[in-house]
1. Can you say whether Asn267 is modelled with pLDDT under 85 and open to solvent by 70 Å² or more (accessible area, probe 1.4 Å), as far as the supplied structure shows?
2. Just checking, how many residues over segment 41-56 are under 18 Å from Ile163 (Cβ atoms) and open to solvent by 20 Å² or more (accessible area, probe 1.4 Å)?
3. Looking at (1) modelled with pLDDT of 70 or more; (2) crowded, with 16+ Cβ neighbours inside 10 Å; (3) hydrophobic (A, V, I, L, M, F, W, C), find the lone condition where Leu126 falls short.
4. Could you please give the count of residues in segment 1-29 that are closer than 30 Å to Gly48 by Cα and open to solvent by less than 40 Å² (accessible area, probe 1.4 Å)?
Amino acid sequence: MFGKLLKNDLKAQWFSVSAIYFCALIAVVVCEIGANVLDDQKQVVLCGGGVCLALLVASVTTLITVAIMFKNTMFGRAGYLTLTLPVKTGSLLISKTISGLIWIFTVYALLVGSLILWLYQIKIILGDQMTDTINNLLAIFGVPTVKTISLGVIIACVLFAAIILLTVQCMYLSLTLSQIKPISSFGKFGTIVLFFVLAGGLLSLSGTVSNMFPLNVVVSDTAIRFTSSAELTETAMSYRLTGAFFNIIASIALHFPMKFLVSKKINLK
């Protein structure tokens, strides 16, 4: 039953996200054609950056669209049908969450992939000699090498996925709370304030927990290792993993108050 529910959610949401994907595809194709036609290396790099920018805009737009679809299908006109389906409230919310995350992480994965290709493209254009020159310049300011920074960017993008997950759950919970009095009387403004309070509070708590229980991944030219101490040297950069774990756990935990509110407190008029 859950499989059918998820399948129907994906099919219904496709009509909303397909336009975003199509516009992003056009922008990517135009940039890629420009990169293959132009001979100027600077313009080729700009085209690669254009692909990343187009997918970044698509990622943000998809995130907003998913929130709107959740509100419309749960608490809008379609909410009457949604909330009367012969399925458990928990399954209904999980289906909405998974289907929304599929669309968000699909375009986000494409963004990360395009970023990796762009960094590789820049490295090829610069060549080994220019790369060594830049590394020497970065070393003067105590900054890691281009390779280390590139690896760090990729790892940061992967860890950022946990923040996206938490953001989606905060959006869903704020939209759910905004249907309950007296919060409902504040309209969209109340929803926005709730979202920033929830997301800001949890991300702040995530930082506090990370400081209390530090676990870092350290990236260098030669290795990737795990340690409890943060590092930022001429050869290494570190990223906190504890915060990512906390964000994932908090995202899962937010499902339960949403389930309670939808099943016990929501009364569509």
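The values are calculated or read from the model by the stated rules, or taken from the named source; none is laboratory data. Keep in mind that what you see is a predicted model, and the values were worked out from it rather than measured. Positions of Cβ are generated from backbone atoms using ideal geometry, with glycine treated the same way; all protein chains shown enter the neighbour counts. Note: areas computed on protein heavy atoms with side chains; ligands, DNA, RNA excluded. Shrake-Rupley method; radii C 1.70, N 1.55, O 1.52, S 1.80 Å.
1. yes
2. Of all residues in segment 41-56, those under 18 Å from Ile163 (Cβ atoms) come to 55-56.
Subsequent filtering for residues that are open to solvent by 20 Å² or more (accessible area, probe 1.4 Å) retains 56.
Residues in segment 41-56 being under 18 Å from Ile163 (Cβ atoms) and open to solvent by 20 Å² or more (accessible area, probe 1.4 Å): 1 in total.
3. Unmet for Leu126, out of (1) modelled with pLDDT of 70 or more; (2) crowded, with 16+ Cβ neighbours inside 10 Å; (3) hydrophobic (A, V, I, L, M, F, W, C): (1).
4. Selection size over segment 1-29: 7.
Each row is one residue, and each column tells you yes or no for (1) closer than 30 Å to Met237 by Cβ; (2) touching a residue at least 12 places away in the same chain (Cβ under 8 Å); (3) in contact with a strand residue (DSSP E or B) (Cβ under 9 Å, 6 or more places away or on another chain).
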{"site": "Ser174", "(1), (2), (3)": "no, yes, no"}
{"site": "Leu177", "(1), (2), (3)": "no, yes, no"}
{"site": "Ile183", "(1), (2), (3)": "no, no, no"}
{"site": "Phe189", "(1), (2), (3)": "no, no, no"}
{"site": "Phe195", "(1), (2), (3)": "no, yes, no"}
{"site": "Gly201", "(1), (2), (3)": "yes, no, no"}
{"site": "Ser210", "(1), (2), (3)": "yes, yes, yes"}
{"site": "Asn216", "(1), (2), (3)": "yes, yes, yes"}
